[in-house]
Amino acid sequence: MDKSWMLLKNRMSSQYRDGVKAFVQFAMLNVGPNGKIRCPCMDCLNCEQHTSKIVEYHLVVKGMSPSYKTWVHHGESVPMNESHALNDDDHNDFGSVGDRMEEDIDRDQDEFLNLLEDVYMGTIMNDNENEGDEEDDDDDVANNVEGEDVRNFDKLLNDAQRELYPGCRKFSVLSFVVKMLHVKVLNKWSNKSFNMLLGILKDLLPVSDQVIPWTLYEAKKFLRDLGLGYVTIHACKYDCALFWKKNANLENCPICQESRYKLNDGKGKKIPYKILRYFPLTPRLQRLYMSRKTAVDMRWHKEKRVDDGILRHPADGEAWKDFDRQHPMFSQEARNVRLGLATDGFNPFGNMSNSYSMWPVIVVPYNLPPWKCMKQSFSMLSLLIPGPQAPGRDIDVYMQPLIDELKELWEDDVLTYDTSTELTC
């Protein structure tokens, strides 16, 4: 079997990836009863067992140990005259660890690769779960969607591995863009100041790659493949209705007949009076199970909580226990998500003399332990209701997209990949 691909430096090349697929197919011929195989990547070094998809991912991202020339852990027989060479290979594995430790990028870069692995595995597992539901007539459509997912993942993986500039070990292109946007949000930079800073960095850094985004618009577009975006929904000027679903194509409000747009020049330029920003909840909940940092904690309320009569968590309250009594089937599964919802208005301009109020709707996953579920990083913005006045009793109009999604989750369930068990649940 050809093993020359193992020494290729470009792990995104078709030759290397075809070699990885051939290796995985060979290894699966001798798979154990648990359906997992040893991973010979530069991190696992055949000490860890994973599913074939994870092994394939590891070999592309981290590379295969070059000393693993005879695949003895995957069913390849060892000639008698190579027994000493095998011992040398084992010794070289440990030597390669020391060499690799000096060349590894910093911990933040590893976090980005772990993030991509979680997203990739979640996508693969969910696709595999849905394969049996696809009709033959829909094969072309399914293949197109899968191909698009693979291309998006390959792009993100390339960006996560590509140095920001030649010799840069601190930042990849992906980590640079994410860090810059994170700092912008935390420090409340204006779009203009952010673009000005990127322009200075472009002139300062020895960068010639035109793929790097140097404006806010390009940076947001660059990260769209990570998902977790939002949907814009036009709303009536007087909060009567949303131009959504059956009303999506209307030009006037179905209740008060007020125009949908405050500017409509008839030449394609249309500016709506109000825009509701809706952040879909399902993919964000799925990410909590796809992430290795939160998957176990999502079962904390049932598996690790101590019930000693002291109120420390919403699960200790009578309302939670009463809900469990009314819905025993739901309460039996620890991974079913419990949510809290809160909303309040605020002045986005920080000037109380300016009468403008926006209303964010926050969703909190109560599955998490108390030291996490109340933290800002786990509070999910679900709706951003526009001003300038508070919606009052008309808030139910703006809540429709969230309520509809919650009903779908309750009635139909949604399968997702749990990285802690490597299963779809």
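The values are calculated or read from the model by the stated rules, or taken from the named source; none is laboratory data. What you are looking at is a predicted structure, and each value in this text was computed from that prediction instead of being measured. Here the Cβ is made from the backbone with ideal geometry for all residues, glycine too, and neighbour counts use every protein chain on show.
Give the residues of the stretch 377-413 that are surrounded by 13 or more Cβ atoms within 10 Å (Cβ to Cβ) and farther than 17 Å from residue 279 by Cα, sorted by residue number.
387, 389, 390, 391, 394
Show me the strands (runs of 3 or more DSSP E) entirely contained within the stretch 232-293 in which 1 or more residues are under 16 Å from residue 391 (Cα atoms) and under 34 Å from the mean Cα position of the chain (by Cα). I'd like the intermediate steps shown before the answer.
Numbers: elements: 261-264, 270-272, 274-278.
Output list reads 274-278.
Do you know which residues across the stretch 22-64 are basic (Lys, Arg) and closer than 16 Å to residue 75 by Cα?
36, 38
Just a yes or no: is a residue in the stretch 204-220 touching a helix residue (DSSP H, G or I) at 6+ places or on another chain (Cβ under 6 Å) and in a helix (DSSP H, G or I)?
Taking every residue of the stretch 204-220 in turn, at least one turns out to be touching a helix residue (DSSP H, G or I) at 6+ places or on another chain (Cβ under 6 Å) and in a helix (DSSP H, G or I).
Spot the failing condition for residue 267; the list is (1) over 30 Å from residue 408 (Cβ atoms); (2) surrounded by 15 or more Cβ atoms within 10 Å (Cβ to Cβ); (3) basic (Lys, Arg), and only one is missed.
All conditions pass for residue 267, except number (2).
Does any residue of the stretch 53-73 turn out to be touching a residue at least 60 places away in the same chain (Cβ under 8 Å), assigned to a strand (DSSP E or B) and touching a strand residue (DSSP E or B) at 6+ places or on another chain (Cβ under 9 Å)?
no
Hey, among the residues in the stretch 1-23 that are in a helix (DSSP H, G or I) and small (Gly, Ala, Ser), which one's nearest to residue 53 (Cα to Cα)? Full working, then the answer.
Start the filter on the stretch 1-23 by keeping residues that are in a helix (DSSP H, G or I), which leaves 4-7, 14-23.
Add one more test, that the residue is small (Gly, Ala, Ser), and what stays is 4, 14, 19, 22.
Numbers: 4: 22, 14: 17, 19: 14, 22: 13 Å.
It comes out as 22.
Only one of 316, 418, 324, 404 is touching an Asp or Glu at 6+ places or on another chain (Cβ under 8 Å), of a type in the set (Asp, Glu) and either under 25 Å from residue 231 (Cα atoms) or not assigned by TED's automatic domain parsing to the domain that holds residue 51 (or both). Can you tell me which? Outline the logic, then answer.
On the way: 418 fails: touching an Asp or Glu at 6+ places or on another chain (Cβ under 8 Å); 324 fails: touching an Asp or Glu at 6+ places or on another chain (Cβ under 8 Å); 404 fails: touching an Asp or Glu at 6+ places or on another chain (Cβ under 8 Å).
Exactly one of 316, 418, 324, 404 is touching an Asp or Glu at 6+ places or on another chain (Cβ under 8 Å), of a type in the set (Asp, Glu) and either under 25 Å from residue 231 (Cα atoms) or not assigned by TED's automatic domain parsing to the domain that holds residue 51 (or both), namely 316.
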